[in-house]
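Here's the structure we're looking at; comments come further down.
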Amino acid sequence: MSNRRLGTVQALYRYPVKSMGAEPVHSAAVSWHGLAGDRRWAFIRPNMERSGFPWLTIREKPDLWRYEARFVSPNDVESSRVAVKAPEGEEMDVAAPELASHLGQGVRVIKQYGGVFDTFPLSVLTIQSVAGLSDLVGQSLAPLRFRPNILIDAGETEPFPEDRWAGAILRAGSLRCRLDKRDKRCVMVNVDPATTGANPGVLRAIAKEREAHFGMYGTTVEPGQVSVGDAVFLED
């Protein structure tokens with residue numbers, strides 16, 4: 001087995017509540033279920049419990065991006081409560097009935113230990129790909145728009161380097177994860193995390209120039225700790 005250094009971990013993000021704002025972390029334990037605490041909570045739309053996709057997301061409520069969720073005890077996410085700061089500034093417990101009411105009539109919250117994931121537990125993206133897509137769209141795009149868990153500086157000038165990593169094992173810190181497939185994108189990427197305004201040109205560019213794919217999905221091969229600044233290697 002050979003190891004090729006790719007670059008460094010630029011940023012790490014977890015999302016304590018599905019579709020709410022990101023919680024940046026300097027270091028994180030990564031288990032079979034992804035980053036500790038990631039997508040631990042989610043809100044369900046009324047009368048959608050038996051549907052294939054019951055979640056309240058940015059698709060239905062773009063300003064979910066402006067709800068800031070955080071673990072009150074970030075070093076002990078298993079027992080920590082989660083606080084959510086609403087756009088107006090009020091902070092509520094994630095399980096408080098008033099938060100569900102704030103999000104809409106009939107909305108309710110659930111907690112799932114393994115995380116509420118649509119597909120894979122890890123999302124990997126490079127800053128080079130964000131720069132490349134920004135050029136295609138003609139607008140500077142923030143990496144958070146694409147909700148990555150692990151943001152990598154691949155140290156390259158060419159855009160979209162992770163396209164060439166599919167099927168390989170990526171190592172950062174003591175974490176080893178397999179990059180299973182390219183991430184097929186939906187309308188959520190049109191929403192700006194800062195303004196919650198929508199630009200349909202973002203998904204249009206991904207669809208036209210990238211076959212609707214952007215970034216990589218991954219699964220854990222060997223759980224471990226990963227930190228911002230860690231060297232990133234590709235195991236061939």
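Yes or no, residue by residue, for (1) acidic (Asp, Glu); (2) surrounded by fewer than 15 Cβ atoms within 10 Å (Cβ to Cβ); (3) in contact with a Leu (Cβ under 7 Å, 6 or more places away or on another chain); (4) outside the structural domain of residue 68 (by TED's automatic domain parsing):
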site: 170; (1), (2), (3), (4): no, no, yes, yes
site: 175; (1), (2), (3), (4): no, no, no, yes
site: 182; (1), (2), (3), (4): no, no, no, yes
site: 186; (1), (2), (3), (4): no, yes, no, yes
site: 191; (1), (2), (3), (4): no, no, no, yes
site: 204; (1), (2), (3), (4): no, yes, no, yes
site: 224; (1), (2), (3), (4): no, no, yes, yes
site: 228; (1), (2), (3), (4): no, no, yes, yes
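Under the condition of being of a type in the set (Lys, Arg) and modelled with pLDDT under 95, which residue from region 1-17 is farthest from the chain's Cα centre (by Cα)? First the steps, then the outcome.
So in region 1-17, the residues of a type in the set (Lys, Arg) come out as 4-5, 14.
Now restrict to residues that are modelled with pLDDT under 95: 4-5.
Numbers: 4: 25, 5: 24 Å.
For region 1-17, the residue satisfying everything is 4.
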Unique residue being under 26 Å from residue 29 (Cα atoms), surrounded by fewer than 20 Cβ atoms within 10 Å (Cβ to Cβ) and at pLDDT below 95 when the list is 79, 101: 79
Any hit, region 166-175, residues being of a type outside the set (Val, Ile, Thr) and closer than 16 Å to residue 137 by Cα: no
Only one residue in 51, 101, 80 is in a helix (DSSP H, G or I) and among the polar types (S, T, N, Q). Which one? 101
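Which residues, taken from region 206-222, are of a type in the set (D, E, K, R), surrounded by fewer than 18 Cβ atoms within 10 Å (Cβ to Cβ) and either under 25 Å from residue 135 (Cα atoms) or touching a helix residue (DSSP H, G or I) at 6+ places or on another chain (Cβ under 8 Å) (or both)?
208, 209, 211
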Given the conditions (1) assigned to a loop (DSSP other than H, G, I, E, B); (2) within 27 Å of residue 29 (Cα to Cα), and given that residue 145 satisfies all but one, which numbered condition is not satisfied? (1)
Determine if region 34-45 includes at least one residue that is over 30 Å from residue 156 (Cα atoms), over 17 Å from the mean Cα position of the chain (by Cα) and either outside the structural domain of residue 164 (by TED's automatic domain parsing) or not polar (S, T, N, Q) (or both). yes
Just one of the numbered conditions (1) farther than 24 Å from residue 130 by Cα; (2) in a loop (DSSP other than H, G, I, E, B) is not true of residue 29; which one? (2)
Number of positions in region 178-216 that are in a strand (DSSP E or B) and more than 16 Å from residue 143 (Cβ to Cβ): 8
If only one of 155, 167, 114 is within 30 Å of residue 83 (Cα to Cα), assigned to a loop (DSSP other than H, G, I, E, B) and not polar (S, T, N, Q), which one is it? 114
For the structure I just gave you, tell me whether residue 131 is of a type outside the set (Val, Ile, Thr) and assigned to a helix (DSSP H, G or I). yes
Which of the residues that make up region 147-158 are under 20 Å from residue 118 (Cα atoms) and in contact with an Asp or Glu (Cβ under 8 Å, 6 or more places away or on another chain)? 149
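The values are calculated or read from the model by the stated rules, or taken from the named source; none is laboratory data. Just so we're clear, the structure is a prediction, and the values are computed from it rather than from any experiment. Note that we place each Cβ from the backbone using ideal geometry, even for glycine, and neighbour counts take in every protein chain shown.
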